[in-house]
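Okay, so here's the structure we're looking at.
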Amino acid sequence: MGIDREKIELKETAGKSTKDSGRHLLSASLMLVVLSMIWGLTFPLTKAALDQTNPIHFLTIRFFIASAVLTPWYFFFQRKRILPNQQSRYKGKLRSVWTRGGIIGSLLFLGFLLQVIGMNYTTASRSGFFTGLLVVMVPPLAAVFRTSRVSWINWIGLLPAVAGVYLLAHPESGGFNKGDFLTLLCAFTFAAQMIVLEVLGRDEPDSWALTLAQIYTIFIGAFIWTVVQGNPIVLASEGWIGAIYTGIFGSIFAVWLQTRFQPVVPASHAALIFTLEPVFAALFAVWLLGDSWTMMSIMGALLILSSMIASSLGIAKAGKKK
């Protein structure tokens with residue numbers, strides 16, 4: 001009787017643990033949807049700002065604002081909430097959260113740099129399409145580096161995702177240019193950043209410190225580049241709206257949301273969630289710029305949503321095999 005009771009208790013504990021894990025995964029996925037919405041709004045605001053200033057100058061202003069807002073809040077309020085017994089699992093050179101944040105932030109800086117420079121040579125829609133190609137790059141990288149299990153359903157889910165981003169962005173006009181190439185490199189860099197974040201950000205008790213380290217890295221890189229260029233920073237009032245939004249929401253909250261919740265979600269599934277970014281970008285374009293939805297855009301959005309469902313099924317299938 002004692003053995004049977006122990007078996008029952010073990011089953012109940014395992015069942016509860018599975019439910020908690022499922023709820024945690026669901027909540028993390030929803031937070032990544034919110035992140036995609038925040039990113040979607042940055043597209044029209046960034047495009048407007050880039051019409052008034054140098055791309056590197058915009059990055060410098062954006063991440064200076066992010067650093068200036070987050071630094072006092074973290075050191076005077078948030079840092080005190082980290083308990084002494086909440087130790088990082090990392091040892092040696094990677095023990096410091098600032099070192100790991102610098103590594104992740106370096107990839108982010110390179111990705112942002114390639115993206116904003118590429119936008120000077122290509123259209124916003126083509127930039128959105130080529131950036132969205134990171135959904136193709138993440139699963140192979142995850143499989144190569146074995147950071148997370150990739151189900152065959154995830155691979156199938158990539159097909160409607162890529163087709164959906166293509167239809168939504170309308171990239172078929174014009175040939176492959178310098179901006180497209182730079183944005184393609186940007187997509188690969190962001191895909192690599194997602195993989196590195198999944199590895200170095202997992203189980204980190206101080207996600208805000210990891211966020212701040214990434215923001216510092218991007219700001220320092222952009223500032224050094226600006227000093228080397230030697231040109232004065234000029235930005236009109238309309239551009240400051242984009243800089244403030246992207247600095248606070250597109251940088252602080254976005255980087256923290258990704259740092260806090262993406263490591264919980266397999267990178268292959270997170271990549272598919274991030275394909276919602278062009279969907280939100282199109283919705284904000286309708287609201288702010290008066291753009292209209294075409295039947296092709298609607299089809300693209302539906303394909304993206306179907307890929308998310310396929311990816312969710314892939315996660316469930318992979319979880320059952322563990």
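The values are calculated or read from the model by the stated rules, or taken from the named source; none is laboratory data. These figures come from a predicted structure and were not determined experimentally. As a convention, Cβ positions derive from the backbone with ideal geometry for all residues, glycine included, and neighbour counts pool all protein chains shown. We work out accessible area using only protein heavy atoms, side chains counted, and drop any ligands, DNA or RNA first. Shrake-Rupley method; radii C 1.70, N 1.55, O 1.52, S 1.80 Å.
At-a-glance table
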quantity: Relative packing of 114-123, 128-137, which averages over residues the other C-beta atoms within 10 Å, highest first; calculated: 128-137, 114-123
quantity: Sorted peptide list for 63-74, 213-224, criterion being average Cβ within 10 angstrom, highest first; calculated: 213-224, 63-74
quantity: With every protein chain in place, the range 221-284: carbon and sulfur % of accessible area (1.4 Å); calculated: 76 percent
